[in-house]
1. Please compute the net charge surrounding Val176, taking Lys and Arg as +1 and Asp and Glu as -1 over other residues with Cβ under 14 Å from its Cβ.
2. Pairing the Cα long axis of helix 210-225 with the longest principal axis of the chain, what angle in degrees results, from 0 to 90 and rounded to the nearest 10?
3. Helix 159-168 against the longest principal axis of the chain: what's the angle in degrees, Cα atoms only, rounded to the nearest 10?
4. Can you work out the accessible area per residue across the range 126-202, with the rest of the protein chains kept in place, probe 1.4 Å, in square angstrom?
5. Note down the net charge around Asp83, summing +1 for each Lys or Arg and -1 for each Asp or Glu among other residues with Cβ under 12 Å from its Cβ.
6. Cα to Cα, under 19 Å, and not fewer than 8 places away if on the same chain: which lysines meet these conditions relative to Lys96?
7. For the chain, just run the numbers: alpha carbon Rg, then divide by 2.2 N^0.38 Å, N being how many residues it has.
8. How far apart, in nm, are two points set 7 Å out from the Cα along the Cα-to-Cβ line at Ile188 and at Ile160?
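The values are calculated or read from the model by the stated rules, or taken from the named source; none is laboratory data. Just so we're clear, the structure is a prediction, and the values are computed from it rather than from any experiment. Neighbour counts are summed over all protein chains in view; Cβ atoms, including those assigned to glycine, are modelled from backbone coordinates with ideal geometry. These area figures cover heavy atoms from the full protein model, side chains too; ligands, DNA and RNA do not enter into them. Shrake-Rupley method; radii C 1.70, N 1.55, O 1.52, S 1.80 Å.
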Amino acid sequence: MSEKYSIIKTYSIPLKYKEGIYSFNNFENLTGDMLLLDYDESYQILDYILPGSEGPVYRNKITFYSIPQDKFESTLKAFYASDGCLRKVTMDNGSKEILLYIYYENMETARQEIKDFAIGNADDIIEKICICKDTVARLFIEYFNDGACLDFHARIGTDIYKNKLLKKYPDDKYNVIDNSGNYPVSEIINGNNEKLMVMVLCANNYEMDFFQYAVNIMIERIGEKAPDRLNKTDDFKYICEEYD
């Protein structure tokens, strides 16, 4: 069995350029400060170090998996504002736009853009939650962030599955039925964690925990809107927890 070797190709996107929207073909033979995107052709992994970042690399590195090279090269767009500053980089995977990089002019801009995203992401999750027509006993929110990887999702605990747990563990019922990990993985509901990752990590040069800021907004919005639309048990609980 032949060993698979990484073949890395680096794509350079200038941090300053003329106002407009451009593709890779516009950036040949340019010099200056660059956003350097490293693409692993063997494993379809795209990553980069945030320009101007300091501290541990793992906290300043953004990684994307399963990125087709042809889509990446043919659909990438770099957006430049009137001051010539690179504002964002996107690509299209065929079904949706993927945000690869974003630049915030200041902390307030970052706060507002992340707030707007968090509200929209929560609303998307709410609509997916409310597709469930079964009687719901528990609605969980689980989240995680170690600086290099982050996650936010909901998990539904149906009354049917709760009763299965009660029969299986009658002597430890509250620890069991209030633990999200005891419910099926198939009931996990995600929003756009990839975009959340980019928006939060690209803002990490400001002294604020933007991940927790976004999490708090989403938890509150889901808690306000989703339960009222569900067919709930009398002992329904909305449980939010960070995992490791």
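1. Numbers: positive: Arg138, Lys162, Lys164, Lys167, Lys168, Lys173, Lys237; negative: Asp171, Asp172, Asp178, Asp235.
Taking every other residue near Val176 into account, the sum is +3.
2. 40 degrees
3. Compared with the principal axis, the helix lies near 70 degrees.
4. On the way: 3590 Å² over 77 residues.
So the range 126-202 comes to 47 Å² accessible per residue, rounded to a whole number.
5. On the way: positive: Lys16, Lys18, Arg87; negative: Glu19, Glu105.
Charge balance near Asp83 sits at +1.
6. Answer for Lys96, where 19 Å is the Cα cut-off: Lys71, Lys77, Lys88, Lys128, Lys195, listed by chain and number.
7. Values: Rg = 21.2 Å, N = 244, 2.2 N^0.38 = 17.8 Å.
Dividing the Cα radius of gyration by 2.2 N^0.38 Å gives 1.20.
8. 2.2 nm
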